[in-house]
Amino acid sequence: QVQLVESGGGLVQAGDSLRLSCAASGRTFSSYAMGWFRQAPGKEREFVAAIASRGSSTYYGDFVKGRFAISRDNVRSTLYLQMNSLRPEDTAVYYCAAQGGINYDTHLPADYWGQGTQVTVSS
């Protein structure tokens with residue numbers, strides 16, 4: 001079992017920045033590729049970013065366009081998402097996810113999910 005707890009969400013203005021964190025406990029964090037997803041009201045869950053189990057590679061959803069950066073600290077068992085130049089359309093609940101293996105495969109289901117953290121961007 002892996003428990004994931006997100007934090008760092010909140011209400012910000014357009015153009016502001018936020019850093020989300022996802023604290024993991026349980027099995028070895030470094031054994032899991034990690035991802036961030038988001039879900040806005042009335043919309044399907046959307047892939048945001050992912051990082052390999054040792055942090056050697058990262059990839060992003062097309063909409064990110066250089067505004068977000070995913071990182072991880074395997075010593076602290078924590079995943080991060082730095083979000084810059086936030087837009088109202090970034091408003092959503094953001095979830096972290098863990099998937100066993102080296103690289104995250106978005107075509108496969110996650111093994112574990114966090115409970116989510118709300119990000120609201122006002123115009």
Quiz item: Here are some conditions: (1) in contact (Cβ under 8 Å) with a residue 60 or more places away in the chain; (2) in contact with a strand residue (DSSP E or B) (Cβ under 7 Å, 6 or more places away or on another chain). Ala40 meets all but one. Which one does it not meet?
Solution: (1)
Self-check item: Output for the range 46-100, where each listed residue is within 15 Å of Thr28 (Cβ to Cβ) and in a strand (DSSP E or B)
Solution: Arg72, Asp73, Thr78, Leu79, Ala98, Gln99, Gly100
Quiz item: In the range 59-89, which residues are among the aliphatic types (A, V, I, L, M) and farther than 22 Å from Val2 by Cβ?
Solution: Val64, Ala69, Met83, Leu86
Practice problem: Please specify each residue of the range 1-22 satisfying the condition of being open to solvent by 40 Å² or more (accessible area, probe 1.4 Å) and closer than 15 Å to Ala97 by Cβ. | Solution: Gln1, Gln3, Val5
Quiz item: Does Phe47 satisfy the criteria of being free of Cβ contacts under 8 Å to residues at least 60 places away in the same chain, of a type in the set (Phe, Trp, Tyr), within 17 Å of Cys22 (Cβ to Cβ) and crowded, with 18+ Cβ neighbours inside 10 Å?
Solution: yes
Quiz item: Taking the range 72-97, which residues are surrounded by 13 or more Cβ atoms within 10 Å (Cβ to Cβ), more than 9 Å from the chain's Cα centre (by Cα), more than 16 Å from Leu11 (Cα to Cα) and not basic (Lys, Arg)?
Solution: Asn74, Ser77, Thr78
Quiz item: Which residues, taken from the range 104-123, are surrounded by 14 or more Cβ atoms within 10 Å (Cβ to Cβ) and either part of a loop (DSSP other than H, G, I, E, B) or over 13 Å from the mean Cα position of the chain (by Cα) (or both)?
Solution: Tyr104, Thr106, Ala110, Asp111, Gly114, Gly116, Thr120, Val121
Exercise. Inspect all residues belonging to the range 41-60 and state whether any of them is closer than 19 Å to Gln118 by Cβ, touching a Gly at 6+ places or on another chain (Cβ under 9 Å) and among the aliphatic types (A, V, I, L, M).
Key: yes
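The values are calculated or read from the model by the stated rules, or taken from the named source; none is laboratory data. Quick caveat: nothing in here was measured; it's all calculated off a predicted structure. Methodologically, a virtual Cβ is constructed for each residue, glycine included, from the backbone with ideal geometry; neighbour enumeration extends over all protein chains shown. To get the accessible areas, we keep the full protein, side chains included, count just its heavy atoms, and leave off ligands, DNA and RNA. Shrake-Rupley method; radii C 1.70, N 1.55, O 1.52, S 1.80 Å.
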